[in-house]
1. Being closer than 20 Å to L147 by Cα and open to solvent by less than 40 Å² (accessible area, probe 1.4 Å): is that true of A124 here?
2. Among what's in the stretch 334-349 and is open to solvent by less than 20 Å² (accessible area, probe 1.4 Å) and either hydrophobic (A, V, I, L, M, F, W, C) or under 13 Å from the mean Cα position of the chain (by Cα) (or both), pick the residue that is nearest to Q91 (Cα to Cα).
3. With the checklist (1) part of a loop (DSSP other than H, G, I, E, B); (2) small (G, A, S); (3) over 20 Å from V113 (Cβ atoms) in hand, flag the one item G409 doesn't pass.
4. Just the residues that are of a type in the set (G, A, S) and more than 14 Å from ligand 1 (Cβ to nearest atom), please, taken from the stretch 224-268.
5. K15 - would you say it is under 21 Å from the mean Cα position of the chain (by Cα) and open to solvent by 70 Å² or more (accessible area, probe 1.4 Å)?
6. Can you name the number of the only condition in (1) small (G, A, S); (2) open to solvent by less than 50 Å² (accessible area, probe 1.4 Å); (3) more than 23 Å from V381 (Cα to Cα) that A74 fails?
7. Which members of the stretch 175-232 meet the condition of being surrounded by 19 or more Cβ atoms within 10 Å (Cβ to Cβ) and without any contact (Cβ under 8 Å) to a residue 24 or more places away in the chain?
8. In the stretch 1-51, how many are of a type in the set (D, E, K, R), assigned to a strand (DSSP E or B) and more than 19 Å from Q397 (Cβ to Cβ)?
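The values are calculated or read from the model by the stated rules, or taken from the named source; none is laboratory data. Predicted, not measured: the structure shown is a model, and the values here were computed from it. No Cβ is skipped: glycine too gets one built from the backbone with ideal geometry, and neighbour counts run over all protein chains shown. These accessible areas exclude ligands, DNA and RNA; they are computed on the full protein's heavy atoms, side chains included. Shrake-Rupley method; radii C 1.70, N 1.55, O 1.52, S 1.80 Å.
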Amino acid sequence: MAKSFIVKGNIIFSKSPEELSVNEGSYLVCENGKSAGVFKELPERYANLPMDDFGERLIISGLCDLHLHACQYAFRGTGMDLELLDWLNTQAFPEEARYENLEYAERAYDMFVQELLSGPTTSAVIFATLHRQASLILMEKLEKSGLRSLVGKVNMDRNSPSYLIEETAASLSETEEWIKESARFKKTGPIITPRFTPSCSDTLMEGLGKLQKKYGLPVQSHLSENLDEVEWVKKLCPDCEDYGETYERFGLFGDKSKTVMAHCVYSSESEVARMKRRGVYIAHCPQSNTNLTSGIAPARLYLKEGLNIGLGTDLAGGANTCLFRTMASAVQVSKLRWRLVDKSLPPLSFPEVFYMASLGGGSFFGKVGSFDKDYIFDAVVLDDSGICSPRPMSLSQRLERLMYLGCDGLVTGKYVDGIRLF
Ligand code: GUN
Ligand code: FE
């Protein structure tokens, strides 16, 4: 059960894309699982609460990974010399087919969840595979970990290899059965997951739209990631104004169905307007977009236009689950985009990518991703004392460098929902 307590240390969190709140030697109060705020001097009314004193360590609000494939963990860091459609056929699909074997799913998902738990992520929106049982195994492990997550049993009924496809009716009935079975979980929950338009027939999409409505579930998928993919979708859906409409026409694109779409590298003006109008979240996945030679999404434009945007590692298009590395990629590709493509969109700053990785993505889950009063209490403690430098560093610099140096082994404490996981 969530308790009331205090953590003390160097507390950093995002208040907006422009504002990083940096609080040296301060007190962060958790009251019944929610933040009561950050204080330089501890108010008298909290004097009797127990306290975890983290000294010189950094305490940040938990990070949110808005898009990753748990089932692609096994081949992370390999096979990156192909573009999306060939990569799916040669790397992703053969691996995902293994999850029919529940013993394999047990072992692989154990490793994945352990890694996610040990890093800076506290919330995640995750793709499993099309296998109902294996998806439940993943959810069982996530539930036990204490992390907050949404998991999708994947739907695909066309343009997919014979070893990784379901008949339309079976895909829908398995999905409904899985939704019912996952009602037992509290920390994890189901999210409707058409893989992407090329792998889902209209009948399947229509059925998923009905399930979304019936159970009031969120939605995740992929959007405008790769040039060949975008052309393919145009051919498959010639009547749609843009790729976004191929989801919207079935009620799978925001508004009443809370939706996150990964990538949005090649979103047209009408698609951007559609996402804005319907409050669709963008999962910006710069590491994956680089590895799969997809391109550079105009994240600066999305921020400027006030769209909902967070970061996704897109494991295993992205090679690891550390959102600090993804933040660095986001900054780096935005610089290249500015230099080589469009001088009207300046590069992203550290506070902006930290915002995306925390509050920007976290808000998909509600009041998540900040230490402002009434936000759900998710915190990560980082011990960077082993990173040497002969000169003093500000707190903000100490955090910023983790984007480039990585945070492997530095996460020494983690709280989700006011509960200490370690
Ligand atoms: N589009 C459809 N499936 C996938 C996938 O597994 N990874 C990525 N990056 N894009 C996709
Ligand atoms: Fe993906």
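1. Taking the combined requirement at face value, the residue satisfies it.
2. At the first step, the residues of the stretch 334-349 found to be open to solvent by less than 20 Å² (accessible area, probe 1.4 Å) are 334, 345, 348.
Then keep just the ones that are either hydrophobic (A, V, I, L, M, F, W, C) or under 13 Å from the mean Cα position of the chain (by Cα) (or both); that gives 345, 348.
On the way: L345: 34, L348: 32 Å.
It comes out as L348.
3. (3)
4. G244, G251, G254, S257, S267, S268
5. yes
6. (2)
7. none
8. Result for the stretch 1-51: 3.
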